[in-house]
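Asks: Shown below is the structure under consideration.
The values are calculated or read from the model by the stated rules, or taken from the named source; none is laboratory data. Here the structure is a predicted model, which is why all the values come from computation and not from measurement. Here the Cβ positions follow ideal geometry from the backbone for every residue, glycine too, while neighbour counts run over all protein chains shown. For the accessible areas, the whole protein counts, side chains as well, though only heavy atoms, and no ligand, DNA or RNA atoms are used. Shrake-Rupley method; radii C 1.70, N 1.55, O 1.52, S 1.80 Å.
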Amino acid sequence: MEAQPVGLSQQLLESADYARDGADLVLTGKAGNSFVVEGYFNSSPPADLIADNGAFLSGQTVELLAGPE
C-alpha cells in the first residue's frame, strides 16, 4: 500500500529544517515551531509532502533532506 501524501503549508515545506527522530519526520520552521509526522519513515518509500499551493517534495527527496537515521 502506498503512503498517502502529507499536507502542510507552503512556508513550512520550503523553509523548514528536516530531521529524523526514529521513524518520525520533524520539520522545524524559521520561528522555531515544529511539525512532527509520526511514523513517516515506516513507509517505503515515504509519503510525498504537498503544500497548500500545490508545491511538493517526493518522499525520496525528504529522506535526503532529513539525513540518515
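Asks: Can you name the residue in region 1-26 that is assigned to a helix (DSSP H, G or I) and not hydroxyl-bearing (Ser, Thr, Tyr) and is also surrounded by the most Cβ atoms within 10 Å (Cβ to Cβ) among such residues?
Replies: Leu13
Asks: Sort out which residues of region 1-21 are without any contact (Cβ under 8 Å) to a residue 40 or more places away in the chain and closer than 17 Å to Glu69 by Cβ, and write them in order of number.
Replies: Result: Asp17, Asp21.
Asks: Where residues in region 27-54 are in contact (Cβ under 8 Å) with a residue 40 or more places away in the chain and open to solvent by 30 Å² or more (accessible area, probe 1.4 Å), which of them is farthest from the chain's Cα centre (by Cα)?
Replies: Once the filter is applied, the top-ranked residue is Asn53.
Asks: Residues to consider are Gly22, Gly59, Gly29; find the one that is on the phi > 0 side of the Ramachandran plot and in contact with an Asp or Glu (Cβ under 9 Å, 6 or more places away or on another chain). Explain how you work it out, then say what you get.
Replies: On the way: Gly59 fails: on the phi > 0 side of the Ramachandran plot; Gly29 fails: on the phi > 0 side of the Ramachandran plot.
None of the others qualify; the one that does is Gly22.
Asks: Which residues, counting only those in region 1-37, are over 17 Å from Ser58 (Cα atoms) and of a type in the set (Asp, Glu)?
Replies: Asp21
Asks: Which count do you get for residues in region 56-69 that are open to solvent by 30 Å² or more (accessible area, probe 1.4 Å), farther than 12 Å from Val6 by Cα and among the hydrophobic types (A, V, I, L, M, F, W, C)?
Replies: Within region 56-69, residues that are open to solvent by 30 Å² or more (accessible area, probe 1.4 Å), farther than 12 Å from Val6 by Cα and among the hydrophobic types (A, V, I, L, M, F, W, C) number 2.
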